[in-house]
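One structure is given here, and the rest of the page talks about it.
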Amino acid sequence: MESGYRLGRRFGWLWAAYSASALGTWLAFGAFPLIAVQVLHAGPAEVAALSSVAAAVGAAVAVPLGPWVEFRRKRPVLIAMDLVRCAALLSVPGAYALGVLTFLQLLLVSVVVAGADITFRAASGAYLKTLVPAEHLLIANARFESTAWTATIVGPPVGGAVIGLLGPVATVVADAISYLLSALGIRAAGGHEPRPGRREAARVRGRDLLDGWRYVLADAALRPLFFNTAFFNGLVMAVQPLLAVLMLGRLGFAPWEYGLAFAAPSIGGLLGSRLARPLVTRFGRHRVLVLSGALRALWPVGLAFVGPGTGGLLLVIGVEFGLIFCCGVFNPVCATSRLERTATDRVTRTLSAWAVTTRASTALLTAVWGVLGGLLGPRTAIGLAGVLLLATPLLLPRRSAALPCAPEPEPSRT
């Protein structure tokens, strides 16, 4: 296992910062829809808009930030994005305490947080590449992945208990504090970060906005991964609302059973992320990438066959466990391949374009599958998504590509 490797003090602070913000995010999971329903008495259309519209607009806001961040030091940007998210979230309990909270404010805060989140993730990938030697990037990404799944396991149950005792606004405060802790952790990392080379025109021009997409689509190794992750993630997320309707409505599962069906399988993500590096060491990165990417596509079609009772619950848990385990292996290997494949002066733009596309495709496919669910029924629409997912392995890279020959800056060591 990778736990024996020490990646330096600065990476340790970055990891601690990521852990704090990930836990805060999952503590507050579902808080905004609950506030919209319980406090603002919003209807189904408004609640749906809170997630879909906010994600789409947030992604659009993040588009010009990728090129802008590329030519700036990443650590100050990370701290700024954490503080922006903290301030935006704290405005919600502030307005609630004063009795002036509105649905429009919730929507605007969601947009700001979504845009800042994409920018943070893009900048953090570039920052990580300067902290960790290339041969240890997989270890670092596997640690982030295992942390994410641990937060997924722990956060929602604890957050649910807090909501039950103190209400959903309390978890928003906890989420805001987690971003403040993240900012303090990144600041504590210290160290000298070299200033990226600047172009003649420091201002972002219109054509610069597409730099990330141009770079990805021109690369024979990144291009298939890009389309694979966009379609796979979009289709997997598109069926979640339909599965909720099927399980909580027609099949009569209790809310706690529905929560258990998705919380328990997250253990598979933790196990998969811990196994990623040993598997790569034994079988090679390209083979693990393709095999885990193909295997994760086999599971979702099983959700179309869920039935009532204990058997149906166990089926969902089994399918989700297999899916999440394969994703736990695939995700850090994919993230590492993407970082190593991308030139250092292109990382932020590339990751920003990647995240924007993934979120946009998820929003679009979720809307399309909502319509299909109404026309065909939830079970048929879920099965259709599962069948289409079986074709996504065709988008994976066919062969291992050589890394770019351009020299990269040496990672800073601590």
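The values are calculated or read from the model by the stated rules, or taken from the named source; none is laboratory data. Remember, it's a predicted structure, so these values are computed and weren't measured experimentally. All Cβ positions, glycine included, derive from the backbone under ideal geometry; neighbour counts span all protein chains shown. These area figures cover heavy atoms from the full protein model, side chains too; ligands, DNA and RNA do not enter into them. Shrake-Rupley method; radii C 1.70, N 1.55, O 1.52, S 1.80 Å.
For region 1-120, what's the relative contact order in percent, using C-alpha pairs closer than 8 Å and at least 6 residues apart?
Values: 70 pairs, mean separation 42.0, N = 120.
Reported as a whole number, the value is 35 percent.
Among the helices of the chain (complete DSSP H runs), which have Cα atoms covering no less than 15 Å along the helix axis and a Kyte-Doolittle mean of at least 0.5?
Values: long enough: 9-27 (27 Å, 0.28); 44-62 (27 Å, 1.56); 74-98 (36 Å, 1.10); 103-131 (41 Å, 1.32); 137-166 (41 Å, 1.10); 168-189 (32 Å, 1.37); 222-238 (24 Å, 1.06); 266-283 (25 Å, 0.55); 285-296 (16 Å, 0.31); 309-341 (47 Å, 1.12); 347-376 (42 Å, 1.03); 378-389 (16 Å, 1.34).
Span-like helices here: 44-62, 74-98, 103-131, 137-166, 168-189, 222-238, 266-283, 309-341, 347-376, 378-389.
Can you give the translational diffusion coefficient of region 21-159 in µm²/s, computed by Stokes-Einstein from the Kirkwood radius over Cα pairs at 10 °C and 1.306 mPa s?
Numbers: Rh = 16.5 Å.
My calculation gives 96 µm²/s for D.
Near residue 26, within a Cβ-to-Cβ distance under 15 Å, what is the net charge of the other residues, with Lys and Arg +1 and Asp and Glu -1?
Numbers: positive: 85; negative: 117, 145, 175.
The answer is -2.
State in Å² the accessible area per residue of the chain; use a 1.4 Å probe, count heavy atoms of protein chains only, and round to the nearest integer. Numbers along the way, then the final one.
Working: 18580 Å² over 414 residues.
Here the per-residue accessible area is 45 Å².
Please work out the Cα center distance from region 283-331 to region 349-383, rounded to the nearest Å.
After rounding, the separation between the Cα centres reads 19 Å.
So what is the 222 nm mean residue ellipticity for the chain from helices alone, if each DSSP H run of at least 4 adds -39500 (n - 2.57) and you divide by all residues, rounding to the nearest 500 deg cm²/dmol? Don't skip to the answer; put the middle values down first.
Details: 17 runs with 299 residues, N = 414.
Dividing the helical sum by the residues of the chain leaves -24500 deg cm²/dmol.
Could you tally the net charge around residue 265, taking each other residue with its Cβ under 13 Å from the Cβ of residue 265, Lys/Arg +1 and Asp/Glu -1? Spell out each step's value before the answer.
Working: positive: 296; negative: 320.
In short, 0.
Probe 1.4 Å, all protein chains in place: accessible area of residue 258 in Å², nearest 10?
Surface accessible to solvent at residue 258 totals approximately 50 Å².
Under 15 Å from the Cβ of residue 61, count the other residues' Cβ atoms, weight Lys and Arg +1, Asp and Glu -1, and hand me the total. Before the final figure, lay out each step's value.
Working: positive: 85, 121, 359; negative: 117.
Residues near residue 61 contribute +2 overall.
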